[in-house]
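The values are calculated or read from the model by the stated rules, or taken from the named source; none is laboratory data. Predicted model, so just to flag it, every value in this text is computed and none were measured. Glycine gets a Cβ as well: all are built from the backbone with ideal geometry, and neighbour counts include every protein chain shown. The area values use the complete protein model at the heavy-atom level, side chains included, leaving out ligands, DNA and RNA. Shrake-Rupley method; radii C 1.70, N 1.55, O 1.52, S 1.80 Å.
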Amino acid sequence: MLVEIIGKRNEEKLITTSLQVAEVFEKEHARVLRDIRELSCSEDFRNGNFAKSSYINSQNKKQPMYQITKDGFVLLVMGYTGEKAMKFKEDYIKAFNKMENELRRIYTEHQQWQIEQDKGVVICHILTDTIKMKIADSSHKKFAYPNYTNLIYHTLFNKTAKELEFEYGVKSKENLRDYFIGSDLEKVQSADYN
């Protein structure tokens, strides 16, 4: 296996070894060791991504090898040629492009969520002011907005605000609407409009 996971829980790192790189890319291990030593990267990068280690060979002798991080691996094999190296480079480019597209999608979704959230804040202020004006003389006016909000939540989600706050893990002084995903936030705002 080219990659393994080392470290304690929540501190795991993906690594490979110079032996595994030699095997997968069909190179002499001595050549891979030399390639690592000859990389013209900074010492900080080298120290953080190529850890000297050893293994016991078939003659029961201790031999040098490196443990290599993902970043070290990428730097090393980007310089390799051949069919397997080219496949790795193409796969790496595809994965990078996929990640870039996903980040763009998340960014766009977040922008849309922020727009909906901002609209919701304005609607809430308008609604609160309207309720205050309509029931200004009532002794129960402080319950009007929470009751109205609970009615919307119960209609849309079959839950009260307290139940939704518990479900989403909303802390004191936080706004439940900040936890809604785009489609749920749109439903709530649509109900506020009507």
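Taken together, 135, 115 contain a single residue that is at pLDDT below 80 and in contact with a helix residue (DSSP H, G or I) (Cβ under 6 Å, 6 or more places away or on another chain), which is 135. Scanning the stretch 23-33 for residues being surrounded by 11 or more Cβ atoms within 10 Å (Cβ to Cβ) and over 11 Å from residue 77 (Cβ atoms) gives a total of 5. Among the residues here, residue 153 does not qualify as open to solvent by less than 100 Å² (accessible area, probe 1.4 Å), at pLDDT 75 or above and outside any helix (DSSP H, G or I).
Pairing each residue of the stretch 50-66 that is touching a residue at least 24 places away in the same chain (Cβ under 8 Å) with any residue that is part of a strand (DSSP E or B) and exposed (fewer than 12 other Cβ atoms within 10 Å of the Cβ), provided the two are 6+ apart or on different chains, yields C-beta distances under 6 Å for 64/54.
Yes/no per residue for (1) open to solvent by 40 Å² or more (accessible area, probe 1.4 Å); (2) in contact with a helix residue (DSSP H, G or I) (Cβ under 7 Å, 6 or more places away or on another chain); (3) farther than 19 Å from residue 27 by Cβ:
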| site | (1), (2), (3) |
| --- | --- |
| 55 | yes, yes, no |
| 58 | yes, no, no |
| 61 | yes, no, yes |
| 66 | no, yes, no |
| 72 | no, yes, no |
| 76 | no, yes, no |
| 85 | no, yes, no |
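The residues of the stretch 162-184 that are open to solvent by less than 70 Å² (accessible area, probe 1.4 Å) and at pLDDT 80 or above, listed by number, are 164, 165, 169, 170.
Each row is one residue, and each column tells you yes or no for (1) more than 16 Å from the chain's Cα centre (by Cα); (2) not β-branched (Val, Ile, Thr).
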residue	(1), (2)
82	yes, yes
87	yes, yes
93	yes, no
101	no, yes
106	no, no
111	yes, yes
114	yes, yes
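Pairs meeting the criteria (first residue in the stretch 97-108 and over 20 Å from residue 181 (Cβ atoms), second residue open to solvent by less than 100 Å² (accessible area, probe 1.4 Å), beta carbons under 9 Å, at least 6 apart or on different chains) are lacking. A residue that is surrounded by 11 or more Cβ atoms within 10 Å (Cβ to Cβ) and of a type outside the set (Lys, Arg) can be found somewhere in the stretch 102-110. Tell me, yes or no, whether the stretch 2-9 has at least one residue that is open to solvent by 60 Å² or more (accessible area, probe 1.4 Å) and modelled with pLDDT of 65 or more. Checking the stretch 2-9: not a single residue is open to solvent by 60 Å² or more (accessible area, probe 1.4 Å) and modelled with pLDDT of 65 or more.
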